[in-house]
Amino acid sequence: MALTMSALQRKFEKVNEIIEKYGKKKSSLIAILQEIQEEYRYLPEEILTYVATAMDLSPATVFGVATFYAQFSLEPKGKYIIRVCDGTACHVRGSMPVYNAIRKKVGLKGDRKTTDDLNFTVETVSCLGACGLAPVVTINDKVYGQMTPEAIELILDQLMKEEDGQ
Ligand code: FES
């Protein structure tokens, strides 16, 4: 059964609040999508469609903005976003063994970037601007320098323990 507009409005209450906060102007779209992404950790397709309807924009406009900017993700992301720098300095100092150790530890296989339990997303990035600390890994907004496969495993062990304890 299709949801009526008011049922949809209830379902997307948080999205409505965000749209109201910024106003239904096209120029607010990026700020609105940023805040929605903070809330949901990614931009689910049904929410983008809803935003288009609620803001009186075409879905093509909303999807266009959401796919144009690298900061937006249309795929679910993990609670912890782990970025391994693979810029030149980090690469020559062994970022790839660190990257592989992280993937193995969180159980990522093939081309998957996010674990099924949505706890971890593992990505590579180019230079994080902290080459003196190479190889560098960030977990959410924390920076870890001079990483080795052993060191990152200890950090992940600790994180996983905290997760289990919750
Ligand atoms: S190359 Fe990794 S921080 Fe610059």
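If the condition is being charged (D, E, K, R) and not in a helix (DSSP H, G or I), then the stretch 1-43 contributes Lys24, Lys25, Arg41. Scanning the stretch 1-33 for residues that are open to solvent by less than 20 Å² (accessible area, probe 1.4 Å), farther than 21 Å from Pro76 by Cα and touching a residue at least 24 places away in the same chain (Cβ under 8 Å) returns a single hit, Ile19.
Filter the stretch 34-89 down to the residues that are loosely packed, with under 14 Cβ neighbours inside 10 Å and within 16 Å of the ligand (Cβ to nearest atom) and list them by number. Across the stretch 34-89, the qualifying residue is only Thr88. Residue count for the stretch 105-136 satisfying the condition of being open to solvent by 70 Å² or more (accessible area, probe 1.4 Å), charged (D, E, K, R) and more than 18 Å from Glu163 (Cα to Cα): 4. Annotation: Ser95 fulfils all but one of (1) within 26 Å of Asp164 (Cα to Cα); (2) more than 11 Å from the chain's Cα centre (by Cα); the unmet one is (1).
The values are calculated or read from the model by the stated rules, or taken from the named source; none is laboratory data. In this text, all values refer to a predicted model and were calculated from it rather than measured experimentally. Methodologically, a virtual Cβ is constructed for each residue, glycine included, from the backbone with ideal geometry; neighbour enumeration extends over all protein chains shown. Accessible surface is based on the protein model in full, side chains and every heavy atom, while ligands, DNA and RNA are left aside. Shrake-Rupley method; radii C 1.70, N 1.55, O 1.52, S 1.80 Å.
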